[in-house]
There are 4 protein chains.
Amino acid sequence: MQFASDNTSPVPPQVLEALIEANHGYAMPYGAEAAMTDLRDDIRNMFEAPEAQVYLVATGTAANALALACLCPPWATVYCHPNAHVEEDECGAPEFYTGGAKLTLVEGPHAKMDPAALERAIGFTARAGVHNVQAGAISITNATEAGTVYTPDEVAALAGIARAHDLPVHMDGARFANALVAAGCSPAEMTWKAGVDVLCLGGTKNGLMGVEAVVLFDPARAWEFELRRKRGGHLFSKHRYLSAQMGAYLRDGLWLKLAERANAAASRLSRGITALPGSTLLHPTQANAVFAAWPRAGHRQAQAAGAQYYLWPMDQTLDGLGHETVSARLVCSWCTTEEDVDHFLATIGPASGHDR
Amino acid sequence: MQFASDNTSPVPPQVLEALIEANHGYAMPYGAEAAMTDLRDDIRNMFEAPEAQVYLVATGTAANALALACLCPPWATVYCHPNAHVEEDECGAPEFYTGGAKLTLVEGPHAKMDPAALERAIGFTARAGVHNVQAGAISITNATEAGTVYTPDEVAALAGIARAHDLPVHMDGARFANALVAAGCSPAEMTWKAGVDVLCLGGTKNGLMGVEAVVLFDPARAWEFELRRKRGGHLFSKHRYLSAQMGAYLRDGLWLKLAERANAAASRLSRGITALPGSTLLHPTQANAVFAAWPRAGHRQAQAAGAQYYLWPMDQTLDGLGHETVSARLVCSWCTTEEDVDHFLATIGPASGHDR
Amino acid sequence: MQFASDNTSPVPPQVLEALIEANHGYAMPYGAEAAMTDLRDDIRNMFEAPEAQVYLVATGTAANALALACLCPPWATVYCHPNAHVEEDECGAPEFYTGGAKLTLVEGPHAKMDPAALERAIGFTARAGVHNVQAGAISITNATEAGTVYTPDEVAALAGIARAHDLPVHMDGARFANALVAAGCSPAEMTWKAGVDVLCLGGTKNGLMGVEAVVLFDPARAWEFELRRKRGGHLFSKHRYLSAQMGAYLRDGLWLKLAERANAAASRLSRGITALPGSTLLHPTQANAVFAAWPRAGHRQAQAAGAQYYLWPMDQTLDGLGHETVSARLVCSWCTTEEDVDHFLATIGPASGHDR
Amino acid sequence: MQFASDNTSPVPPQVLEALIEANHGYAMPYGAEAAMTDLRDDIRNMFEAPEAQVYLVATGTAANALALACLCPPWATVYCHPNAHVEEDECGAPEFYTGGAKLTLVEGPHAKMDPAALERAIGFTARAGVHNVQAGAISITNATEAGTVYTPDEVAALAGIARAHDLPVHMDGARFANALVAAGCSPAEMTWKAGVDVLCLGGTKNGLMGVEAVVLFDPARAWEFELRRKRGGHLFSKHRYLSAQMGAYLRDGLWLKLAERANAAASRLSRGITALPGSTLLHPTQANAVFAAWPRAGHRQAQAAGAQYYLWPMDQTLDGLGHETVSARLVCSWCTTEEDVDHFLATIGPASGHDR
């Protein structure tokens, strides 16, 4: 009963097989291997973006920070939701890579920026000329940190505001596959057709060992990206082991199948929890994470049974609040089974409703 | 009728005289002039801080950013009010000088941080170990950007929270003299006795051409400060012209007299405005700035008469809102006269109450 | 006949097997997996350094830059050889991670810093107080970029100078295993016993997909390192795939066996080339790289036969110089065979001596 | 007998008078004062550059570092002479402001870069694609740190190489006036007509309290410069006291007259020293500094008489070397008189030739 994070999962067999296959003989280093050329073509085709440039790095933080550094100068600010990974979970990597830019927090329900709040925030930035930081870029996380999903129309609404202010748009797609299968749209519809300039296409959380693709729909900043990647220590010499993994991930729709399984598990879990008396959802379950509150007794039982998950917000404790229910985050991954879900539901269910 | 900012004022004659006097013959450069030694001693005496180190720079932004860089590492955050100069008016200088630290905004009425909000903000920072930025330093602006003043007890309350979390305390004292005469306390009581580690003691807004003193009550970081100052391009070769100005400013209590005049003018202005029908104060008038709303007609008359001041917040326009009153910021300086104030009050007064 | 770089090689089967084994079930992320604890203990034992802290990253550039950032403040300089990887091949990563420190180049034959030159360079730095950058750290590359090896005594000579000036010592050990087997000493003798404070222990060039260990012999800066690693985007969530590789690498002396094979191949190659008429070595062959000049005709034959290697220095061309011989770099790896070497020697050999 | 530096001098009366005049009434802050508009026009006229943008800062280090940051991205390098102020005397300010760029040192006699060496250095930078830092900008100091002067043709030779590699050219003109009167050319001939993109036009060393003008001949980067200046803490609120000084400096050719006096004093001093038996010049005396060696006894006499100057190189001591002569740097300023020079010459002269 492992629901702590999708980053505790192993990789599917296809990824291991791809590594084994990539391990024959010598290969050109630094992305010059033949497999990278193929992968680039595949991503261009998949995104209907023949001009796009594609780079691989090993962590989502590197992908986001490098991308933002190409979009936002040091004296500007990135508009993002207060719950965005770039704000909360990267120890200031965007500030480091941009050379000291700011992040401006734009509220909105369920970890999605509200367009009106974005418009206000941009307007406020412009008030004092040289004296305050300038508007820099927009960062949209999809799927969000609350397990919700922006539709292409919702992305386009935010990107349209960005465009009106001549600002570029970054998408943190650490869980892009989960968002895509939830929204039921094409990769192009979710990104450049909706106004996204740079996508960080996650692989790690959805089944790779540590590979993310950065897709620059406008190749004008490609060389700058390459220099920043090298300078950040993120250019792999034995790059073939990155391209092999990402190639296997995208081949035959594996990435979407993995995301479908994770999302389906979360959906089953969400339905099961909301069926319990005294339970509520904190956010709609749209991707692979469930945010819910249920009776304290059920948490006690889950803990006794060894279930792994975080109380959420993280500064809660099981005994520290007066409420009868306690809220938590449960994350499913590609390898979460129906049995895992049902076992967990059975664990928290029966005794719920009365604390002990 | 100049109320746009205290930075539009000239300098008092004592400052010019000090420059003329300092201009004789050769002098050692880079702060090695004799006048700097004297000034350092004066400041140590005045602050009852014999160990303090004292450095001069030419702008408040430089003083604040250099001080914060010595207190807060790149991977940490500075807690300050959303209206703080370091957040709103320095184009990201703290982020630049710290190497990419963040600012965490702590709310509170009248531009003063609320201690409970500070405690919560620090607690929230600590939630996720290496994954988010660390707690770095506290920055208190006194007098505030809203023309209010922290008492020594209020400073001590915030600094006590800082101390409990092992965080250093910075005071942005661009209008320190105004705060001091308002609070009626000694320099030491307002600073290190209340828990302040570094004070940026402003001179520019209160009568100098461009000189601020940075007072490090703990000299441990003095050499680092010197290196950061040089590296930031803020070490003057002909430093004598800085020490001469600051020396004249502090001599015979000139700085306090200048601040008393500015505060008295603001007080008179505040009383006059609140006596007008339909007027209200946005913030208590405690230092040299008045934030008030009065009828639109009075603004029209003031503008016609050439009065200089900013509508506040700055994104307002005189005609853009439906209200009958419009709010503004009026800043007095050491050279604002009673006649200036009374003339302004007469201008906005008579026709007020009905818009035209 | 692949001699372009050791980074074109595949990984040995033990590494793949370790990945397969690590792929079972869930694992704690971010280095909290059990295998990392074991690995840390192994490295402590191997280096006779029970207090050392150990961190994994994926590239040598990241390892070096993060380590140097912990040792050298932004206003200081790192002393290194002009041919050091940190100077020539990291696109300014040390400058980026330190926040703008300098590198001061210290000459010496065969890519090894001359102690007298180091002493002079440090002395020169100290000349002007706050006006120039300060002495920061020493960086020693072992094995060097010229395929030579510092003995423990040579390391100690440089580190002793550092110590006398209170400067910390970094060792870039991207080819540490090659240096170790060449010098025939223990890991401790080559590092902390000789005065090294931080070792970047390379795995990638010698048989891993992309894993380097940073060993901090003094753990005082460990938490800073962790924050810098996270902030640089170098903390892997699925960290188990790094620890698994490094664990396999160090187990049963595999790393030393791989290095012995590479060094032996280079030695055979070096002997073979120097036996050719008209050939000379540019640097003594002490590790896994050969720097030699041989007749142009031999290069022509090698190229025709598809041999891969770089002319060295890299700004040479085969036809651009008037000399009869042309110099090149040939790098052997763990998978270079005696047959590869002999085949190459046969290719360049017979027709040598007369250009065509 | 003050020859330590031109920064020990006072300012001429015209500068004080300009400050007194500027001190009447209120003035718009931050460079919006009327005097700045006039000054900008004057500089445009003087340089025959109607499109140029002009900004004022208070130190030469700030001027250089801000200018270079606009010309050179973080992943590139600035080509300069090893004796350049940006390399030796700014504590890494260029590295700080650029966000971690490098400086590449280009040798040449008498502190002037050799064009062939520059060409080689640029060629070397290009060798390894993404793996090393990129070519960024050229920085030429005129007059140099050795008291020599580049002619417009010599500037054009270096700038032509820069242009051929698509690199911008910065001129550090901390002693620009001294260079100009020495070369006998127009401001335009020495700068943009010779290929200079940005000039840092010094005022401080030649008679101001602390004002330097940055002249951007191409205004494309003007807004970026303004943001960097603000963010660096170098935008003065009471900017009128900068523009007043620089206005007085340029009015009626005062700056050139001051430089002529300094250069003439140095020339007299140089002739006098070289007439002494056993004396030699280290560099030709072309501006306001003399680098010469003369007998140790003469130094002893000068010191006994209280003369101020630096032994040069600075790591020398009067007794530390075995030579009979000791070398020194003597800097003249606008207020050095013929009497000062003759008195000094008399002091070092008579007893020279035999050490005591």
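Figure legend. Inter-residue proximity from the range A:138-152: first residues of a type in the set (Asp, Glu), second residues surrounded by fewer than 23 Cβ atoms within 10 Å (Cβ to Cβ), beta-carbon distance below 6 Å, spacing 6+ or different chains. Indicated pairs: A:Glu145/A:Asn83; A:Glu145/A:Ala111. In this structure, C:Ala302 does not satisfy being touching a residue at least 12 places away in the same chain (Cβ under 8 Å), more than 14 Å from chain A (Cβ to nearest Cβ), surrounded by 19 or more Cβ atoms within 10 Å (Cβ to Cβ) and in contact with a Cys (Cβ under 9 Å, 6 or more places away or on another chain).
D:Gln245 meets each of the listed conditions (1) closer than 25 Å to D:Pro50 by Cβ; (2) surrounded by fewer than 24 Cβ atoms within 10 Å (Cβ to Cβ) apart from (2). Within the range A:7-37, being touching a Ser or Thr at 6+ places or on another chain (Cβ under 8 Å) and of a type in the set (Asp, Glu) holds for one residue alone: A:Glu33.
Away from chain B (no Cβ under 14 Å), within 22 Å of the chain's Cα centre (by Cα) and among the hydrophobic types (A, V, I, L, M, F, W, C), is that true of D:Leu256? Steps first, please.
Working: away from chain B (no Cβ under 14 Å): yes; within 22 Å of the chain's Cα centre (by Cα): yes; among the hydrophobic types (A, V, I, L, M, F, W, C): yes.
Here the answer is yes, as D:Leu256 does meet what is asked.
Scanning the range D:181-223 for residues that are farther than 26 Å from B:Ala27 by Cα, among the charged types (D, E, K, R) and within 14 Å of another protein chain (Cβ to nearest Cβ) yields one hit, D:Arg221. Given the criteria away from every other protein chain (no Cβ under 12 Å) and out of contact with any helix residue (DSSP H, G or I) (no Cβ under 8 Å at 6 or more places or on another chain), does D:Pro13 qualify? Here the answer is no, as D:Pro13 does not meet what is asked. If you check D:Lys238, D:Lys230 for being buried (at least 23 other Cβ atoms within 10 Å of the Cβ) and free of Cβ contacts under 8 Å to residues at least 24 places away in the same chain, only one passes: D:Lys230.
Out of the range A:32-53, which residues are within 11 Å of another protein chain (Cβ to nearest Cβ) and more than 16 Å from A:Ala248 (Cα to Cα)? Working first, answer last.
Going residue by residue through the range A:32-53, those that are within 11 Å of another protein chain (Cβ to nearest Cβ) are A:32-33.
Matches in the range A:32-53: A:Ala32 only.
Among the residues of the range C:38-65, write down those that are outside any helix (DSSP H, G or I) and more than 17 Å from C:Arg221 (Cα to Cα). The answer is C:Phe47, C:Glu48, C:Ala58, C:Thr59.
Against the conditions (1) buried (at least 24 other Cβ atoms within 10 Å of the Cβ); (2) within 27 Å of A:Pro12 (Cα to Cα), A:Glu260 satisfies every one except (1).
Scanning the range C:307-322 turns up at least one residue that is assigned to a loop (DSSP other than H, G, I, E, B), within 25 Å of C:Thr141 (Cα to Cα) and either within 14 Å of chain A (Cβ to nearest Cβ) or modelled with pLDDT of 95 or more (or both).
Given B:Gly278, B:Gly272, which one is more than 30 Å from D:His24 (Cα to Cα), away from chain D (no Cβ under 14 Å), in contact with an Asp or Glu (Cβ under 8 Å, 6 or more places away or on another chain) and not in a strand (DSSP E or B)?
The unique qualifying residue is B:Gly278.
Looking at the range C:22-55 only, could you name the residues that are over 14 Å from A:Ser5 (Cα atoms) and touching a strand residue (DSSP E or B) at 6+ places or on another chain (Cβ under 6 Å)? Within the range C:22-55, C:Arg40, C:Ile43, C:Ala52, C:Gln53, C:Val54, C:Tyr55 qualify. The set of residues from the range D:16-31 being at the interface with another protein chain (Cβ under 7 Å from one of its Cβ atoms), part of a helix (DSSP H, G or I) and surrounded by fewer than 17 Cβ atoms within 10 Å (Cβ to Cβ) comprises just one member, D:Ile20. Within the range D:161-189, the residues that satisfy the criterion of being aliphatic (A, V, I, L, M) and in a strand (DSSP E or B) are D:Val169, D:Met171.
Going by the structure shown, is B:Glu339 over 21 Å from the mean Cα position of the chain (by Cα) and at pLDDT 95 or above? Criteria met by B:Glu339.
Checked against (1) part of a helix (DSSP H, G or I); (2) out of contact with any Asp or Glu (no Cβ under 9 Å at 6 or more places or on another chain); (3) over 26 Å from C:Met28 (Cβ atoms), C:Glu226 passes all but a single condition, namely (3). Taking the criterion of being acidic (Asp, Glu) and surrounded by fewer than 19 Cβ atoms within 10 Å (Cβ to Cβ), the residues of the range C:90-142 that qualify are C:Glu107, C:Asp114, C:Glu119. Report yes if A:Arg271 is crowded, with 18+ Cβ neighbours inside 10 Å, modelled with pLDDT of 95 or more and not assigned by TED's automatic domain parsing to the domain that holds A:Ala146, otherwise no. No, not satisfied.
If I filter the range C:93-112 down to residues being over 15 Å from the mean Cα position of the chain (by Cα) and assigned to a loop (DSSP other than H, G, I, E, B), which single residue comes out as farthest from the other protein chains (Cβ to nearest Cβ)? Quick ask: steps written out before the conclusion?
Our first condition is that a residue be over 15 Å from the mean Cα position of the chain (by Cα); within the range C:93-112, this holds for C:93-109.
Then drop every residue that is not assigned to a loop (DSSP other than H, G, I, E, B), which leaves C:99-101, C:106-108.
Numbers: C:Gly99: 4, C:Gly100: 4, C:Ala101: 7, C:Val106: 13, C:Glu107: 13, C:Gly108: 18 Å.
The extreme case among them is C:Gly108.
Would you check which residues across the range D:54-92 are closer than 27 Å to D:Pro109 by Cβ, at the interface with another protein chain (Cβ under 7 Å from one of its Cβ atoms) and more than 15 Å from the chain's Cα centre (by Cα) and list them? Answer for the range D:54-92, where residues must be closer than 27 Å to D:Pro109 by Cβ, at the interface with another protein chain (Cβ under 7 Å from one of its Cβ atoms) and more than 15 Å from the chain's Cα centre (by Cα): D:Cys91, D:Gly92.
Does the range A:247-267 contain any residue that is over 30 Å from A:Leu56 (Cα atoms), assigned to a strand (DSSP E or B) and either without any contact (Cβ under 8 Å) to a residue 24 or more places away in the chain or in contact with a Gly (Cβ under 8 Å, 6 or more places away or on another chain) (or both)?
Taking the range A:247-267 first, the residues over 30 Å from A:Leu56 (Cα atoms) are A:267.
Now drop any that are not assigned to a strand (DSSP E or B), which leaves none.
No.
Looking only at residues that are facing chain D (nearest Cβ under 9 Å) and of a type in the set (Gly, Ala, Ser) in the range C:116-142, which one is farthest from C:Pro152 (Cα to Cα)? Taking the candidates together, the pick is C:Ala128.
The set of residues in the range D:168-193 being among the small types (Gly, Ala, Ser) and buried (at least 24 other Cβ atoms within 10 Å of the Cβ) consists of D:Gly173, D:Ala174, D:Ala177, D:Ala179, D:Ala182.
Would you point out which residue out of C:Arg300, C:Arg296, C:Arg329 is of a type in the set (Lys, Arg) and either under 22 Å from the mean Cα position of the chain (by Cα) or under 22 Å from C:Asn206 (Cα atoms) (or both)?
Values: C:Arg300 fails: either under 22 Å from the mean Cα position of the chain (by Cα) or under 22 Å from C:Asn206 (Cα atoms) (or both); C:Arg296 fails: either under 22 Å from the mean Cα position of the chain (by Cα) or under 22 Å from C:Asn206 (Cα atoms) (or both).
Answer to the check: C:Arg329.
The values are calculated or read from the model by the stated rules, or taken from the named source; none is laboratory data. Keep in mind the model is a prediction, meaning the values are calculated, not measured. Positions of Cβ are generated from backbone atoms using ideal geometry, with glycine treated the same way; all protein chains shown enter the neighbour counts.
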